[in-house]
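The values are calculated or read from the model by the stated rules, or taken from the named source; none is laboratory data. Everything numeric in this text was worked out from a predicted model, so none of it was measured. Every residue, glycine among them, receives a Cβ derived from its backbone with ideal geometry; neighbour counts consider all protein chains shown. Heavy atoms of the whole protein, side chains included, go into the accessibility calculation; ligands, DNA and RNA do not. Shrake-Rupley method; radii C 1.70, N 1.55, O 1.52, S 1.80 Å.
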Amino acid sequence: MGSSVEETKTGEETNHQINKTPPPFDLSDYTVIKEGEAEILMHKKNEVFYNKAQVNNRDMSIAVLRTFIKKRKEEHEAYLSKKMNKASKVLENHDSNGISNGEGESLKEIPEGEPCSNGDEPEKPLERKTPELKPPRVLEALSASGLRALRYAREVDGIGQVVALDNDKASVEACRRNIKFNGSVASEKVESNLADARVYMLTHPKEFDVVDLDPYGSPSVFLDSAVQSIADGGLLMCTATDMAVLCGSNGEVCYSKYGSYPLRGKYCHEMALRIVLACIESHANRYKRYIIPVLSVQMDFYVRVFVRVFTSASAMKNTPLKLSYVYQCVGCDSFHLQPIGRTVSKNTSVRYLPGFGPVVPQECSDCGKKYNMGGPIWSDPIHDQDWVTSILADVKAMKNRYPACNRISAVLTTISEELPDVPLFLSLHNLCGTLKCTSPSAVIFRSAVINAGYRISGTHVNPLGLKSDAPMDVIWDIMRCWVKNHPVKEQSADQSGSVILSKEPVLQANFARVVASLSKAQSKKVARFLPNPERHWGPKLRAGRTITSKHVSLLGADAVNGVLNNNEQEAEEPQVKRQKTEDPNSVS
């Protein structure tokens, strides 16, 4: 009897997988959420965390993962081609040594015991030794409902096994329920395990081609084990949502978590990106590894970085060249970068030495105020423009498969126009706020910078941000020339703006409009910064939290009132029953 019952259960589960029907439970307690090609069941009690706002994050990750699989295949084919060319050269050298150029001369004698070689034979050992490119294995270290893992399995062609981890039993149960609910493809590719992500990654070194970290808060505690579990050339996708810490509200906490001190400038969100990259590089270096960022995004309420991890003790020595400290003036917000290291080349040898310093005097040369020092931050490029172009082309070609296509297309378009080698950015409104003057249009200011012989671009982090390789004294000279044509009211002499304007400009700015002042996207009126799709767009409550009136700013007044009213009704019912049972006792 027991075996027949088990067989019946197995048959029922198989039918559930094929027909995409959930296992026996009360469906009225769940809400079906569809995103992309995946569907999940969410309990109405908020037992497992799900964030609707992260659809942008998941779509961006899928687009990067598709590009990674394509690039990985291209790199493997290039490696095979290089190996074949090397083998053919060896064969040519062998033939030239064995055959004389002179006519009528005999072949070189072949020693006994060595096989005769022809054009086909060298390829056979090459084919045996060449490792086959297997589908990439993906680890989602913090899976919760498993929506991200399910979307990877169902939407990304050429993907291998997806391992979803969580150390919460309710989350693992929900993930396994959702795997069954999504049919046979999900059941074959996705597995859910109850485990501590840090321990699991440490016990599976270099086993995963892709590791995805998307915690509720800081990823810092997972980075050390994550960089060890990635295969050479693999991809690490990492999210940090503790933006208050990364942007300077708690500098000491940021230093304790990421090993870097933040500054509260207008560029703080880009600095947050660069702090996370520097932290990942620091963890990778401990194991003779280093990173190459392919895409780094600040979007909504978080930062998301995509980096490739490689192993090389010699390449790791270049890390100090990629990191810099930042000096920011407390008066005029001028900033300067000081690289940690430098190299000196002599003949074929390269020496690694400490960077020259200080790059700034004790007092700001523009306004005379002191400097704050932050960092170290990642000062190398944070994007690979070849990857960005490929990702953007993929998103545009497959619009229907990305729920947040418009948003991520806008972000990627802006990233594709950023100056890759310019860390941090200026804020035109901040410059004008220091001088208390009317603001020139972005086109006029850009034209002045270009006419002065420098480059300038926008930034995806801030619609008003401007990246430029022009030094700060040139920027202030342009603003001085602008103020001469647009006078300001007199200010007290100790104000930073007064000190700056008291100096005569060395550079005479030319505000004549140039064509390059508008980017291609701007000239074609392509959307680059889209508004939030709804009010109260942002991170939702952590799983298991009770909704109260203080959560209006997160969920909206209607949603909070609806939940509170339901809770009040549920609370009133037991009270009524209690009164009925207590009344007879009181009479007696």
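Pairing residues of the stretch 237-260 that are without any contact (Cβ under 8 Å) to a residue 12 or more places away in the chain with residues that are among the aliphatic types (A, V, I, L, M) and buried (at least 21 other Cβ atoms within 10 Å of the Cβ), at Cβ distances under 6 Å and at least 6 apart in sequence or on separate chains, gives Val253/Val245.
For Gly374, the criteria (1) in a loop (DSSP other than H, G, I, E, B); (2) surrounded by 19 or more Cβ atoms within 10 Å (Cβ to Cβ) hold in every case but one, which is (1). Candidates Arg446, Arg455: the one that is within 32 Å of the chain's Cα centre (by Cα), surrounded by fewer than 19 Cβ atoms within 10 Å (Cβ to Cβ) and farther than 18 Å from Ser498 by Cα is Arg455. Can you tell me how many residues within the stretch 159-179 are in contact (Cβ under 8 Å) with a residue 12 or more places away in the chain, farther than 26 Å from Gly233 by Cβ, surrounded by fewer than 18 Cβ atoms within 10 Å (Cβ to Cβ) and of a type outside the set (Gly, Ala, Ser)? Selection size over the stretch 159-179: 2.
Only a single criterion out of (1) surrounded by fewer than 22 Cβ atoms within 10 Å (Cβ to Cβ); (2) modelled with pLDDT under 95 is not satisfied by Asp224, namely (2). Starting from residues that are surrounded by fewer than 19 Cβ atoms within 10 Å (Cβ to Cβ) and touching a Ser or Thr at 6+ places or on another chain (Cβ under 9 Å), keep the ones in the stretch 399-416 and report whichever is nearest to Asp59 (Cα to Cα). Result: Lys399. Within the stretch 497-509, the only residue that satisfies the criterion of being over 19 Å from Cys364 (Cα atoms) and either at pLDDT below 90 or open to solvent by 80 Å² or more (accessible area, probe 1.4 Å) (or both) is Gln508. Whether a residue is under 17 Å from Glu35 (Cβ atoms) and open to solvent by 10 Å² or more (accessible area, probe 1.4 Å) was assessed, and Ala153 does not pass this test.
Looking only at residues of the stretch 378-398 that are outside any helix (DSSP H, G or I) and touching a residue at least 40 places away in the same chain (Cβ under 8 Å), we find that the one that is surrounded by the fewest Cβ atoms within 10 Å (Cβ to Cβ) is Pro381. Restricting attention to the stretch 260-274, which residues are open to solvent by 60 Å² or more (accessible area, probe 1.4 Å) and under 16 Å from the mean Cα position of the chain (by Cα)? Within the stretch 260-274, just His269 meets the criteria. Does Asp224 satisfy the condition of being within 23 Å of Ala284 (Cα to Cα) and charged (D, E, K, R)? Yes: the conditions hold for Asp224. In this structure, does Leu424 turn out to be crowded, with 18+ Cβ neighbours inside 10 Å, at pLDDT below 95 and not acidic (Asp, Glu)? Taking the combined requirement at face value, the residue does not satisfy it.
Okay, residues lined up against (1) under 30 Å from Phe301 (Cα atoms); (2) basic (Lys, Arg); (3) crowded, with 22+ Cβ neighbours inside 10 Å:
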{"residue": "His460", "(1), (2), (3)": "yes, no, yes"}
{"residue": "Leu464", "(1), (2), (3)": "yes, no, no"}
{"residue": "Lys467", "(1), (2), (3)": "yes, yes, yes"}
{"residue": "Pro471", "(1), (2), (3)": "no, no, no"}
{"residue": "Ile478", "(1), (2), (3)": "no, no, yes"}
{"residue": "Val483", "(1), (2), (3)": "no, no, no"}
{"residue": "Pro487", "(1), (2), (3)": "no, no, no"}
{"residue": "Ser492", "(1), (2), (3)": "no, no, no"}
{"residue": "Gln495", "(1), (2), (3)": "no, no, no"}
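For the stretch 279-335, the set of residues classified as in contact (Cβ under 8 Å) with a residue 40 or more places away in the chain and hydroxyl-bearing (Ser, Thr, Tyr) consists of Tyr287, Ser296, Tyr302, Thr311, Ser324, Tyr325, Tyr327, Ser334, listed by residue number. Residues that are within 22 Å of Asp59 (Cβ to Cβ) number at least 3 in the following strands (runs of 3 or more DSSP E) confined to the stretch 158-249: 162-166, 208-213, 230-240. Scan the stretch 250-259 and tell me whether some residue there is within 24 Å of Ala149 (Cα to Cα), crowded, with 19+ Cβ neighbours inside 10 Å and of a type in the set (Phe, Trp, Tyr). Among the residues of the stretch 250-259, not one is within 24 Å of Ala149 (Cα to Cα), crowded, with 19+ Cβ neighbours inside 10 Å and of a type in the set (Phe, Trp, Tyr), which makes the answer no. Being among the β-branched types (Val, Ile, Thr) and not in a helix (DSSP H, G or I) holds for only one residue in Ile280, Ile292, Ile275, and it is Ile292. Please tell me if Arg455 is in contact with a helix residue (DSSP H, G or I) (Cβ under 9 Å, 6 or more places away or on another chain), of a type in the set (Lys, Arg) and over 19 Å from Phe425 (Cα atoms). It is false that Arg455 is in contact with a helix residue (DSSP H, G or I) (Cβ under 9 Å, 6 or more places away or on another chain), of a type in the set (Lys, Arg) and over 19 Å from Phe425 (Cα atoms).
Among the residues in the stretch 450-457, are any in a helix (DSSP H, G or I), closer than 21 Å to Lys524 by Cα and modelled with pLDDT of 95 or more? For the stretch 450-457, residues in a helix (DSSP H, G or I), closer than 21 Å to Lys524 by Cα and modelled with pLDDT of 95 or more: present.
Please indicate, with yes or no, whether at least one residue in the stretch 295-314 is within 27 Å of Pro531 (Cα to Cα) and outside any strand (DSSP E or B). Checking the stretch 295-314: at least one residue is within 27 Å of Pro531 (Cα to Cα) and outside any strand (DSSP E or B). Annotation note: Cβ proximity below 7 Å between a residue of the stretch 487-498 that is within 11 Å of Lys369 (Cα to Cα) and a residue that is assigned to a loop (DSSP other than H, G, I, E, B) and open to solvent by less than 40 Å² (accessible area, probe 1.4 Å) (sequence gap 6+ or interchain) occurs for Ser496/Gly331; Ser496/Cys332; Ser496/Cys367. Beta carbons closer than 7 Å, at least 6 apart along the sequence or on distinct chains, pair a first residue in the stretch 410-424 that is of a type in the set (Gly, Ala, Ser) with a second that is open to solvent by 10 Å² or more (accessible area, probe 1.4 Å) and in a helix (DSSP H, G or I) for Ser416/Gln385; Ser416/Thr389; Ser416/Leu392. Just so you know, in the stretch 321-374 the residues that are out of contact with any Ser or Thr (no Cβ under 7 Å at 6 or more places or on another chain) and among the basic types (Lys, Arg) include one that is modelled with the lowest pLDDT, and it is Lys346.
A search for C-beta distances below 6 Å between a residue of the stretch 519-539 that is of a type in the set (Phe, Trp, Tyr) and any residue that is in a loop (DSSP other than H, G, I, E, B) and open to solvent by 50 Å² or more (accessible area, probe 1.4 Å), counting only pairs 6+ apart in sequence or on different chains, returns Phe529/Pro463. Restricting to the stretch 443-455, name every residue that is in contact (Cβ under 8 Å) with a residue 40 or more places away in the chain and in contact with a Leu (Cβ under 9 Å, 6 or more places away or on another chain). Scanning the stretch 443-455 gives Val443, Arg446, Ala452.
The number of residues in the stretch 28-42 that are closer than 21 Å to Val190 by Cα and of a type outside the set (A, V, I, L, M, F, W, C) comes to 5.
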